[in-house]
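Beneath this line is the structure, given in structure tokens, with notes to follow.
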Amino acid sequence: MTSTWRQSLESVTLKDLLTNNEPIISAKTTDSPIAVLKSLLKNKLSSLALWDETKQEYVGFIDMVDLVTTVVTLCETKNVLDGITNRESDWYEYMSKEEELFKSEVVGTFSNASNRDPWCDVWEGKPLLSLLDMFSQEVNLHRVGVSNDQGKITAVMTQSRVIRHLAEDIKRFPEVGATLVSKFVKKCEVLTMTPQETALVGMQRMLERNVSSIAVVDPEGKLHAVLTPSDMKRSMEVNLFSDLYLPVALYLDKGNENFKDQSHTPITCTVGDTLAQVLTKLVTHDVHRLFVVDAENKPTGVLSLGDLISVFESV
């Protein structure tokens, strides 16, 4: 990768990536979780900036992982109670009470519940390369507030937006875009589950491993589907908790019935794909990660937005 490419990253500022008068889609700290879920679904987002009306300022982010963390914790509480009392508590009654409790809460209490989305703001004149360094060094930083010369937060810069810029800019540097996935993908144990295991089990495993996706594999280990925290948006409001106890294959299929899409279909790449091809897939399909698969469609690795940003930051 050339110094010319690095100079390009240094010459672009965050302000250059922003669209004039683009509104910040936000939630109030006093909003309900259900209102936030609906807003995330409507706007096709995975997070919202949180506005504190008392302080008259943005104070954090609320994302799907925060909401999943809270829901999973409430579900796990039932299992603890069953163990203490040595009996199966009434599932329907318990879940109904917990779901009502969840709906009556305010999202300000859930902000960064996952410890994966701290609030951070940066000046709009900051070079893109510096932001890549921040995203690369801080594994839990996925988005930042952008402030103008007066210190006012005017926008939110996400990893996804950065990737969209890089996917377009890399066309000017074909030697960079031609870099093979095999040159930078890290070998890792891919987190998996079977189609028969419940969606709740998958969500729990993701939280335990501090990752945001899990591969659903068939008995031969071939990639069948992908479960992410964003899939919880696809449950209808009345089934938010109960749907998590469905087998994950049924959980994902039910989400497709509700929203008439196939967004859980795995988007993959191979070690023979190029960096430019990977960026194009991420942008075209609007996904946050690609599973690396072998010739038998068995997952061998994962490329997240953060992984790719680290590749660019290290040139």
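Among what's in the stretch 58-114 and is among the charged types (D, E, K, R) and at pLDDT below 55, pick the residue that is surrounded by the most Cβ atoms within 10 Å (Cβ to Cβ). Ranking the candidates gives Asp82 first. Total residues in the stretch 208-241 satisfying the condition of being in contact (Cβ under 8 Å) with a residue 40 or more places away in the chain, over 21 Å from Asp66 (Cβ atoms) and open to solvent by less than 50 Å² (accessible area, probe 1.4 Å): the figure is 5.
Considered as a group, the residues in the stretch 152-196 that are in a loop (DSSP other than H, G, I, E, B) and basic (Lys, Arg) include one that is nearest to Leu131 (Cα to Cα), and that residue is Lys152.
Mind checking which residues of the stretch 130-142 are open to solvent by 20 Å² or more (accessible area, probe 1.4 Å) and touching a residue at least 24 places away in the same chain (Cβ under 8 Å)? Step through it out loud before you land on a result.
Let us first name the residues in the stretch 130-142 that are open to solvent by 20 Å² or more (accessible area, probe 1.4 Å), namely 130, 133-134, 136-140, 142.
Selection gives Asp133, Ser136, Val139, Asn140, His142.
Of the residues making up the stretch 269-306, not one is touching a strand residue (DSSP E or B) at 6+ places or on another chain (Cβ under 8 Å), modelled with pLDDT under 95, open to solvent by 50 Å² or more (accessible area, probe 1.4 Å) and in a helix (DSSP H, G or I). Here Glu175 meets the list (1) open to solvent by less than 20 Å² (accessible area, probe 1.4 Å); (2) more than 18 Å from Ala295 (Cβ to Cβ) almost entirely, failing just condition (1).
If you go through the stretch 34-46 and keep only what is surrounded by 14 or more Cβ atoms within 10 Å (Cβ to Cβ), outside any helix (DSSP H, G or I) and touching a residue at least 24 places away in the same chain (Cβ under 8 Å), you end up with just Ser46.
Evaluation of Asp261 against the conditions (1) at pLDDT below 90; (2) assigned to a helix (DSSP H, G or I) shows that the sole unmet condition is (2). Look at Tyr245 and say whether it is surrounded by fewer than 17 Cβ atoms within 10 Å (Cβ to Cβ), in contact with a Leu (Cβ under 9 Å, 6 or more places away or on another chain) and at pLDDT below 95. In short, yes. Among residues of the stretch 8-33 being in a helix (DSSP H, G or I) and open to solvent by less than 20 Å² (accessible area, probe 1.4 Å), the one that is nearest to Phe312 (Cα to Cα) is Leu9.
The values are calculated or read from the model by the stated rules, or taken from the named source; none is laboratory data. It should be emphasised that the depicted structure is a prediction, and the values quoted were computed from it without experimental measurement. Note that each Cβ is placed from the backbone with ideal geometry, even for glycine, and that neighbours are counted across all protein chains shown. Calculation scope for accessible area: heavy atoms of the full protein, side chains included, ligands and nucleic acids excluded. Shrake-Rupley method; radii C 1.70, N 1.55, O 1.52, S 1.80 Å.
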